[in-house]
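Data first, discussion second: the structure below is written as C-alpha cells.
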Amino acid sequence: MKIITVTLNPALDKNAKVDGLVPGSKLRCHSIQYQPGGGGINVSRMLQRLGLDSHCVFPSGGDTGAHLTILLEDEGVTSNSILIKDWTRENLAVVDTKTNLQYRFGMPGNVLNEEELVSIKKELSQNLEKGDFLVLSGSLAKNLPPNYYQQLIEEFSTREPKVVIDTSGMYLKKALEQPVYLIKPNQRELAQLAGKEFLSNIEQEEFAKELVEKGKAKYVVVSLGAKGAFLACTEGVFYQTTPSVPVKSTIGAGDSMVAGLIYGIQKEYTPKEILRMGVACGVATTMSEGTQLATSKNINKALELMII
C-alpha cells in the first residue's frame, strides 16, 4: 500500500533571524536556512523521518522550484516534480532574537495551466493503485476552483484510495461531497464546516461523530491547539492532551500530525494510539526551529511525556 502526497501550492521556505525588529531601519538577517514547504511535501518529509516511504507529487517552476526539488532529494524523499511555467513561490519566516517571536510572510501561489494540470493527473494515474493512501494537503494554486480536490477524488474513485485531506474552507467542504478516509480540521475549520462561527466542546464532538456516522470520513481528527486533539471514529471519541515542551516554531506541525496519524494507521494501531502518534509528531515539530520538522529524538520524548 503506497502513500502518495499531492501539493498543488508548494513553497521554498526561507527562515532567518534578526536581532530586533525596528521600523524604517535596515535589518541584518542571519542564520539563513532553506527548507521544502507545502502541506503534502511536509507530510512526505515527516513520513521519511518515521521510516515510511511516500511518493511526493508537486508542481515545480524556476530556480526556486529546482532548489526545492534538490532539498527533497537531499532528505531522501521520493518525489516527482511536474515542470511548470510559473516560478515556485518563496515564503519567509523571521525570528526576532530579542523577543523570540516569529513572523511569517506567505507569498501568492503559482498558476497552473491546463497542460500542467493534465501532467499532474497523469502522474497520479500512473502511480495510484487500489487502496493506496492519497494525501491532498494544503491550499490550491490560485487559479483553481474551490472544488478541485473534489474533482481529483471523483476522478480516481474507482481505485478506492484512502483519501486523507487536510485543507480548509470551501476546499474542504467541497471535498467532503465525496466520502474520504481522514480529515484533520482545527476548531475554527470544523465550525466553518458546520456552517457556524463557533462550536462548543460538546457541539464539536457531536458534529465530528455525525460526519463519521454519515460516512463523510472514517476518521475525523480535530486539532485543539495547545490543548491537544480528539479523534472520532466508529469505535468512539478519543482525546489526547499535549505535553508541555519548549515551542520554537509551529510551521509544519499540522502536516507532521497528519504524517503521524498515517503512520499509526499503517501500523494498525488502536484509535487512541493513532491519535497519540499524530499529536506526538505535531508536538515534536514545534520543538524544532523554522520548518525543520521533528527529529526522532523529540518524537520519542513527546511520546514518553504523553504516556507518563
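The values are calculated or read from the model by the stated rules, or taken from the named source; none is laboratory data. Just so you know, these numbers come straight off a predicted model, no measurement behind them. With ideal geometry, Cβ positions are generated from the backbone for all residues, glycine too; neighbour counts draw on all protein chains shown.
Results, tabulated for the structure shown:
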| read-out | value |
| --- | --- |
| Number of positions in segment 30-55 that are in contact (Cβ under 8 Å) with a residue 24 or more places away in the chain and under 19 Å from Tyr263 (Cβ atoms) | 16 |
| One residue from Ala280, Ala226, Ala302 being of a type in the set (Gly, Ala, Ser), within 16 Å of the chain's Cα centre (by Cα) and not in a loop (DSSP other than H, G, I, E, B) | Ala280 |
| Single unsatisfied condition, Gly252 versus (1) at pLDDT 95 or above; (2) under 20 Å from Leu136 (Cβ atoms); (3) surrounded by 19 or more Cβ atoms within 10 Å (Cβ to Cβ); (4) of a type outside the set (Ser, Thr, Tyr) | (1) |
| Filtered residue count, segment 186-231, keeping only those that are among the aromatic types (Phe, Trp, Tyr) and under 21 Å from Arg276 (Cα atoms) | 2 |
| Criterion (under 24 Å from Lys248 (Cβ atoms) and surrounded by fewer than 16 Cβ atoms within 10 Å (Cβ to Cβ)) met by exactly one of Lys98, Lys85 | Lys98 |
| Tabulated pairs, segment 240-254, first under 24 Å from Ile41 (Cβ atoms), second modelled with pLDDT under 90 and assigned to a loop (DSSP other than H, G, I, E, B), C-beta under 7 angstrom, 6+ apart or interchain | Lys248/Glu289; Ser249/Glu289; Ser249/Gly290; Ile251/Gly290; Ile251/Thr291; Gly252/Thr291 |
| Residue in segment 101-127 that is nearest to Cys29 (Cα to Cα), counting only those that are surrounded by 12 or more Cβ atoms within 10 Å (Cβ to Cβ) and among the acidic types (Asp, Glu) | Glu116 |
| Filter result (surrounded by fewer than 19 Cβ atoms within 10 Å (Cβ to Cβ), over 23 Å from Ile32 (Cβ atoms) and within 19 Å of the chain's Cα centre (by Cα)) within segment 283-299 | Ser296 |
| Residue list for segment 270-281, restricted to those being free of Cβ contacts under 8 Å to residues at least 40 places away in the same chain and either touching a Cys at 6+ places or on another chain (Cβ under 9 Å) or among the polar types (S, T, N, Q) (or both) | Thr270 |
| Any chance Lys267 is at negative phi, touching a residue at least 24 places away in the same chain (Cβ under 8 Å) and not aliphatic (A, V, I, L, M) | no |
| Residue in segment 176-198 that is surrounded by fewer than 14 Cβ atoms within 10 Å (Cβ to Cβ) and farther than 29 Å from Leu140 by Cβ present | no |
| Matching residues in segment 1-17 - criterion: being surrounded by fewer than 24 Cβ atoms within 10 Å (Cβ to Cβ) and either among the small types (Gly, Ala, Ser) or in contact with a Lys or Arg (Cβ under 7 Å, 6 or more places away or on another chain) (or both) | Ala16 |
| The lone exception for Tyr219 - which of (1) within 22 Å of Val135 (Cβ to Cβ); (2) under 19 Å from the mean Cα position of the chain (by Cα); (3) of a type outside the set (Lys, Arg); (4) assigned to a helix (DSSP H, G or I) it fails | (4) |
| Residue match in segment 266-276 (condition: closer than 19 Å to Ala191 by Cβ, more than 16 Å from the chain's Cα centre (by Cα) and either at pLDDT 95 or above or surrounded by fewer than 22 Cβ atoms within 10 Å (Cβ to Cβ) (or both)) | no |
| Leading residue by the ranking (surrounded by the most Cβ atoms within 10 Å (Cβ to Cβ)) among those in segment 23-51 that are outside any helix (DSSP H, G or I) and in contact with a helix residue (DSSP H, G or I) (Cβ under 6 Å, 6 or more places away or on another chain) | Pro36 |
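Rundown of residues vs (1) closer than 30 Å to Lys14 by Cβ; (2) at pLDDT below 95; (3) in contact with a helix residue (DSSP H, G or I) (Cβ under 8 Å, 6 or more places away or on another chain); (4) among the aromatic types (Phe, Trp, Tyr), yes/no style:
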| residue | (1), (2), (3), (4) |
| --- | --- |
| Glu210 | no, no, no, no |
| Ala217 | no, no, yes, no |
| Ala229 | yes, no, yes, no |
| Phe238 | no, no, yes, yes |
| Met257 | yes, no, yes, no |
| Cys281 | yes, no, yes, no |
